[in-house]
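Take a look at the structure below.
The values are calculated or read from the model by the stated rules, or taken from the named source; none is laboratory data. Remember, predicted model here, so these are calculated numbers, not experimental data. Here the Cβ is made from the backbone with ideal geometry for all residues, glycine too, and neighbour counts use every protein chain on show. With ligands, DNA and RNA removed, areas are computed over all heavy atoms of the protein, side chains included. Shrake-Rupley method; radii C 1.70, N 1.55, O 1.52, S 1.80 Å.
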Amino acid sequence: MTPASPKILFATSEAHPLIKTGGLADVSGALPAALHALGVDIKILIPGYPAVLTQCPHATLFAQLPNPFAPGRVEILESRMPESTLPVLIVRYDAFFNREGGPYQQVGGDDWLDNVLRFGLLSYVAAWLGSSGNASAWQPDLIHCNDWQTGLAPAYLRFWPGRKPPVIMTIHNLAYQGVFGPESIPLLQLPAESFKMQGLEYYGNLSFLKAGVFYADRITTVSPTYAREIQHETLGFGMQGLLHERRAVLSGILNGIDMQEWDPQRDPHLPHRYSAKQLGNKAKNKAALQQELGLALDAHAPLVAIISRITYQKGSYLALGVMHDLAREGVQFALLGMGETAIELAFANLALEHPDRISVTIGYAEDMSHRIEAGADMFLMPSHYEPCGLNQMYSQRYGTPPIAHATGGLVDTIVNATPTHLASGDATGFLFREMTRPACNEAVRRAVRLYRDPQVWQQLQSAGMQRDFSWQNSALEYLKLYRSLPI
Ligand code: ADP
Ligand code: GLC
């Protein structure tokens, strides 16, 4: 790396393996690691949740500042990511972060009532590290914010005097906007003048994400297609106008995947490892999975996997209908997920009706997700919208062609098995356009027909397995973006 390489602060509310609720954690663990491997001076900034503190037992004091919103001081601790040399800064303020429960929600599933201050503090600390207030030896030249939880950072920098490093705001999911009442403006120590349309006001409230989108120097999202989609009403979630206005500084950079962690040749979670040349071993994983899940031991029954949060975004209702329809046609399903209780119950009931064809596991299980990716024949992602999505990439790598709604990152990462792509040998999965039950059923049936033709199917599997989804390419694109900013 040249000496001119900028110092980057990567601010995030979750990062694998410290703490994870979804794909944001995968990205926040892997992208800074890929940049670090390229020689970039980058540090992650994350709240000091219990899981973070226990995995970083040797953290040392990096800096401290008074908590602007509550009594006492906030410590910024420095450590390394587990089994890595990548530096991580931890925002330690126990009353906000060191408590039992999830990062955003209490044990019962309700949002923490003080999220406005908790993530206000994360944003504030990110900004403070870039400001003249930070007198430590390391000051970032650029701040890379992720999702609403860090959205206020560019707003603080805009109103504070002194040093103002540029800010990149990455949107991983526009549906979560961090909206709070206007009374939070003084609590967050934001100036009253910021509360206007040309600022962080959002339909009468304050939105952390709008603040990020409005004040950041550059906006990115996690796929090129999603970057276009969010400029329109259907997927703009109310922010389409501003995003369209800022389109000159908005771009999409596709996520990668961790090719080490997701590698069927080396995966320690699998009973049988395999590659494109030993697909026979994939069949052994299928038999082991059918056994583990109590499905009929049938090598010829197509086995479709679903691993996702159970929620509107992921099209869980559509999946429910498709499972109901196609189990009757001999298709097997293995679902792993958790989320909205009513849909969880509906899935569980359906599994009771078809115990030999449908398996439903409600919960979060990293190891099982690897076994399902390896043992299934196909992977279903009927997402209403998908900023990028990771499982369709894991699936291709595991020789498990994805069947997905043609939206967002799914369009950018799956080559649809049209006659043209099948003929040219680069097809890797199936896309359906209409978000309807007949269209999704038909896509699964189309996959099942090709599955019955082993030669075509193996071509599809091996085209997917050969694709390079590594972080390297995306990391280089981010680096190019960092370097394009005035620092
Ligand atoms: P999102 O972040 O919108 O949930 P992504 O596809 O980007 O969607 O990332 C989801 C990540 O979480 C993937 O790594 C996926 O394997 C994982 N995941 C989701 N639900 C579960 C679950 N129940 N058990 C294990 N892993 C899960
Ligand atoms: C969000 C999106 C998902 C994306 C992930 C990581 O959770 O829902 O599509 O892959 O962020 O960027």
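Every condition in (1) in a loop (DSSP other than H, G, I, E, B); (2) open to solvent by 40 Å² or more (accessible area, probe 1.4 Å); (3) of a type in the set (A, V, I, L, M, F, W, C) holds for TRP262 except the one numbered (2).
Is there a residue being within 21 Å of the chain's Cα centre (by Cα), open to solvent by 60 Å² or more (accessible area, probe 1.4 Å) and either at pLDDT 95 or above or not basic (Lys, Arg) (or both) anywhere in region 98-105? Yes, some residue in region 98-105 is within 21 Å of the chain's Cα centre (by Cα), open to solvent by 60 Å² or more (accessible area, probe 1.4 Å) and either at pLDDT 95 or above or not basic (Lys, Arg) (or both). Residues of region 460-475 that are more than 14 Å from MET378 (Cα to Cα), modelled with pLDDT of 95 or more, of a type in the set (S, T, N, Q) and in a helix (DSSP H, G or I): SER474 alone.
Quick grid of which residues meet (1) without any contact (Cβ under 8 Å) to a residue 60 or more places away in the chain; (2) β-branched (Val, Ile, Thr):
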| residue | (1), (2) |
| --- | --- |
| ALA15 | no, no |
| ALA59 | yes, no |
| LEU65 | no, no |
| ILE76 | yes, yes |
| SER79 | yes, no |
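When you check ASP258 against the structure, is it over 26 Å from MET435 (Cβ atoms) and within 16 Å of ligand 1 (Cβ to nearest atom), yes or no? Yes: the conditions hold for ASP258.
Residues in region 120-130: is at least one open to solvent by less than 40 Å² (accessible area, probe 1.4 Å), within 16 Å of ligand 1 (Cβ to nearest atom), in contact with a helix residue (DSSP H, G or I) (Cβ under 9 Å, 6 or more places away or on another chain) and aliphatic (A, V, I, L, M)? No; the residues of region 120-130 include none that is open to solvent by less than 40 Å² (accessible area, probe 1.4 Å), within 16 Å of ligand 1 (Cβ to nearest atom), in contact with a helix residue (DSSP H, G or I) (Cβ under 9 Å, 6 or more places away or on another chain) and aliphatic (A, V, I, L, M).
Looking at region 389-411, which of its residues are open to solvent by 10 Å² or more (accessible area, probe 1.4 Å), over 20 Å from ALA439 (Cα atoms) and more than 10 Å from ligand 2 (Cβ to nearest atom)? TYR394, ARG397 - these are the residues of region 389-411 that are open to solvent by 10 Å² or more (accessible area, probe 1.4 Å), over 20 Å from ALA439 (Cα atoms) and more than 10 Å from ligand 2 (Cβ to nearest atom). Of everything in region 204-227 that is in contact with a strand residue (DSSP E or B) (Cβ under 8 Å, 6 or more places away or on another chain), farther than 18 Å from GLN313 by Cα and open to solvent by 10 Å² or more (accessible area, probe 1.4 Å), the residue that is nearest to ligand 2 (Cβ to nearest atom) is PRO224.
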